[in-house]
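One structure is given here, and the rest of the page talks about it.
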Amino acid sequence: MDWLNLICNYWPHLAAGFDLLAALLASIHALLHKRDPRAATLWLGVIWLLPAVGPLLYLALGVNRIRRRALVLGVHRTRHRGMPKNLGEPEHEGAEHLKLLARTVTRVVTRPLTPGNRAQPLMNGDQAFPAMLAAIESAKKSISLATYIFDNDASGKQFAEALGRAVKRGVTVRVLIDAAGTRYSWPSIIHRLEALQVPCARFLPASLFTPWRVATINLRNHRKILVVDGVTAFTGGMNIRHGNVLADRPASPVQDLHFHVEGPVVTQLQDAFVNDWVFTTGEVLNGDIWFPEPPFHHRGVVARVITDGPDADFEKLRWTLLAALAEAQTSVQILTPYFLPDTALISALNLAALRGVRVDIILPAKNNLPFVHWASRAMWWQVLIHGCHIWLTPPPFDHSKLMVVDNHWVLLGSANWDARSLRLNFELNVEGYGRELAHELAAVMAQKLHGAHEVTKAEVDGRTIPGKLRDSAARLFSPFL
């Protein structure tokens, strides 16, 4: 046929035309939407120097925003007029200035501060998993569970069976797992949950084989939320996998920190889950089984949820970190597995240290992601030179995420100090004001420092030339690690 002959004769011209059009569209998008000129320049180089592949890579890795409309369902139950007068004992010396931090974060995020909360730290899966499973077994009305990784291993099966029993008791259950997180074990836990008739969904399923979804392949839901009957919750950085149960001596042990939370802030955790669920499935969860009147604990922690992600919540957590570092007066303690801060955060850390604030950054000596460790080490000198302290904790790998400022302000949750958490992932953290909780968590970090090694600038400068080249090369990819 004439048209087939025409295509056969001119397919190279057609392919070149499509490639040119794709490169132009990708370049226009990069110029209009990339805030960092260096990132825009890098992507323009990739788009034009890698024909056909460059625009596809930009679509998969460079388009880092999605549009979704947040629902406001249970938040009205936690609203209070004005700023809470008691930020967890403001009468104590050294806490008054944190009201400025609270006011700043209020302008950054949409959720109000709520007094009357409790937060109990749970170390590793040894403490967290039994408490979470007990809460699931005691559920009467509803269970909402969101996690990044839900492995089909010994611990994962325990959770799946407990959720299945809850469904049989008549409890309304919803489980949301990140699509990438379901692929950490095979076969996927999804099949087991479905066999147990547990309603579950995958967040943003995407692959190179589904081109209409390729733009979301790099956007993952890293949040960890478990809410039972709308009144008790668990959150933090812990995934559901047996490696967290250190007592069982797993092949790949992981230390981690999770929290049992009660009080009005539980409603905000539920609200975050509901928004992710309706975005994924279209089902709106509302009513008293999801949003009952939360209990109030007198002399509890003043707290609020901070959601962050490549949508309307973009960079809210980064602004919170910058505000906390700006208000710090005596001490900043940071516990994170992945430390790849951007220039603004590095400057804020250094300015705090130059003001006389004691800045301690606690990292694992052996990372589960070697490339991240190399990239992180390439920038350590930038904070060491101005007086920050970096500590490396011995194995097993520590996945905990925590920040304490002036022994009064606490930030806990799922986010790391890297571009993936602060720009690409959907994250959930809780900020809390209260000296008792802050002292308890400072003690947790002090315990981790036992046996830790303090890094010196001389040590960093003394790396071999091949080591420095490797670390610096890895740092170039820090926005994607």
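Listed by position, the strands (runs of 3 or more DSSP E) contained in segment 113-182 that have at least 1 residues being open to solvent by 10 Å² or more (accessible area, probe 1.4 Å) and within 26 Å of Val410 (Cβ to Cβ) are 114-123.
Which one of these is within 19 Å of the chain's Cα centre (by Cα) and in contact (Cβ under 8 Å) with a residue 60 or more places away in the chain: His408, His399, His389?
Working: His408 fails: within 19 Å of the chain's Cα centre (by Cα); His389 fails: within 19 Å of the chain's Cα centre (by Cα).
Unique residue meeting the criteria: His399.
Contact map, segment 96-118: residues that are among the hydrophobic types (A, V, I, L, M, F, W, C) paired with residues that are part of a strand (DSSP E or B), Cβ distance under 6 Å, separation 6+ or inter-chain. Pairs shown: Leu98/Trp409; Val109/Ile306; Leu113/Val302; Leu113/Arg304.
Any residue at all in segment 11-19 that is at pLDDT 75 or above, in a helix (DSSP H, G or I) and among the charged types (D, E, K, R)? Within segment 11-19, one or more residues are at pLDDT 75 or above, in a helix (DSSP H, G or I) and among the charged types (D, E, K, R).
The requirement of being among the charged types (D, E, K, R), out of contact with any Ser or Thr (no Cβ under 9 Å at 6 or more places or on another chain) and either open to solvent by 20 Å² or more (accessible area, probe 1.4 Å) or under 29 Å from Gln270 (Cβ atoms) (or both) is not satisfied by Arg358.
Kindly indicate whether Ala446 is free of Cβ contacts under 8 Å to residues at least 12 places away in the same chain and not in a loop (DSSP other than H, G, I, E, B). So Ala446 fits the description; yes. Quick check on Ala180: is it within 21 Å of Asp126 (Cα to Cα) and touching a residue at least 24 places away in the same chain (Cβ under 8 Å)? Considered against the rule, which asks whether it is within 21 Å of Asp126 (Cα to Cα) and touching a residue at least 24 places away in the same chain (Cβ under 8 Å), Ala180 comes out as no. Across segment 281-300, the qualifying residues are those that are modelled with pLDDT of 95 or more and either of a type in the set (Phe, Trp, Tyr) or surrounded by 18 or more Cβ atoms within 10 Å (Cβ to Cβ) (or both), and the one among them that is farthest from Gly432 (Cα to Cα) is Leu285.
When segment 242-278 is examined, which residues are found to be on the phi > 0 side of the Ramachandran plot and not basic (Lys, Arg)?
Of the residues in segment 242-278, the ones on the phi > 0 side of the Ramachandran plot are 249, 263.
Across segment 242-278, the qualifying residue is only Gly263.
For segment 20-60, a residue qualifies if it is assigned to a helix (DSSP H, G or I), open to solvent by 80 Å² or more (accessible area, probe 1.4 Å) and under 16 Å from Leu424 (Cα atoms), and exactly one does: His33.
Would you please name the residue that is most open to solvent (accessible area, probe 1.4 Å), looking only at residues in segment 412-441 that are charged (D, E, K, R) and closer than 25 Å to Thr330 by Cα? Top of the filtered list is Glu436.
Being more than 17 Å from Ile361 (Cβ to Cβ) and not in a strand (DSSP E or B) is the filter here, so list the residues in segment 420-429 that pass it. Outline the logic, then answer.
In the first step, residues of segment 420-429 are kept if they are more than 17 Å from Ile361 (Cβ to Cβ); the result is 420, 423-429.
Answer for segment 420-429, where residues must be more than 17 Å from Ile361 (Cβ to Cβ) and not in a strand (DSSP E or B): Arg420, Arg423, Leu424, Asn425.
For segment 245-257, residues that are crowded, with 24+ Cβ neighbours inside 10 Å and touching an Asp or Glu at 6+ places or on another chain (Cβ under 6 Å) total 0. Within the option set Asn244, Asn275, Asn239, being under 26 Å from Lys157 (Cβ atoms) and within 17 Å of the chain's Cα centre (by Cα) holds for one residue only, Asn239.
Out of Asp461, Asp418, I need the residue that is over 26 Å from Gln120 (Cβ atoms) and touching a Ser or Thr at 6+ places or on another chain (Cβ under 9 Å). Which one? Explain how you work it out, then say what you get.
Values: Asp461 fails: touching a Ser or Thr at 6+ places or on another chain (Cβ under 9 Å).
Only one candidate passes the filter, namely Asp418.
Note on segment 361-411: among residues that are polar (S, T, N, Q) and over 25 Å from His439 (Cβ atoms), the one that is surrounded by the most Cβ atoms within 10 Å (Cβ to Cβ) is Ser376.
The values are calculated or read from the model by the stated rules, or taken from the named source; none is laboratory data. The model shown is predicted, which means the values in this text are computed figures rather than measured ones. No Cβ is skipped: glycine too gets one built from the backbone with ideal geometry, and neighbour counts run over all protein chains shown. Side chains are part of the model used for accessible areas, which takes the heavy atoms of the whole protein and leaves out ligands, DNA and RNA. Shrake-Rupley method; radii C 1.70, N 1.55, O 1.52, S 1.80 Å.
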